[in-house]
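The values are calculated or read from the model by the stated rules, or taken from the named source; none is laboratory data. Note that the structure is a prediction, hence the values are computed from the model and not measured. Here Cβ is always computed from backbone atoms with ideal geometry, including for glycine, and neighbour counts include all displayed protein chains.
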Amino acid sequence: MSKVPLPTQIKLHKKSRTLELSYEDKTFELSAEYLRVHSPSAEVRGHGIGNGVLQTGKKHVGIKELIPSGNYALKIVFDDGHDSGIYTWDCLHDLAYNHDQYWQEYLQKLADAGESRDGGMIAIGR
């Protein structure tokens, strides 16, 4: 059984495209974009170590629906059609508490690949 605390409250804010997760000690607002690009799905993470696919063009993605998956996870349905990620409570806790680090790593990967959050290639001048 997981020792990670469960959220005490979960709120979907469709207008701001964020998911609010409250824990006993802290509340987090995670953007739909952040959750989408860090989806635990095989489409994003790959089928093995090092096989992940960098997600681009997700800046304006929203969350259509949250579906409980048993009592251990949430299935998040995004408005770009992605719906195969099952976000366990452990996964959501990790994404919330390590947001800043993971977001900076994602932005660096985009920059290294010459990609952008809007989906177009970044023009690099000489």
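Quick notes on this one:
- Test: residue in the range 24-35 that is hydrophobic (A, V, I, L, M, F, W, C) and in contact with a Cys (Cβ under 9 Å, 6 or more places away or on another chain): no
- Where strands (runs of 3 or more DSSP E) fall wholly inside the range 51-90, the ranges with 1 or more residues that are under 22 Å from GLU115 (Cβ atoms) and without any contact (Cβ under 8 Å) to a residue 60 or more places away in the chain are 73-78.
- Among residues of the range 14-42, those that are over 15 Å from the mean Cα position of the chain (by Cα) and part of a strand (DSSP E or B), counted: 2
- Looking across LYS58, LYS75, one residue alone is surrounded by fewer than 17 Cβ atoms within 10 Å (Cβ to Cβ) and among the basic types (Lys, Arg). It is LYS75.
- Meets criteria (at pLDDT below 95 and hydrophobic (A, V, I, L, M, F, W, C)) for VAL44: yes
- Sole exception among (1) within 13 Å of LEU6 (Cα to Cα); (2) at pLDDT 95 or above for ASN71, by number: (2)
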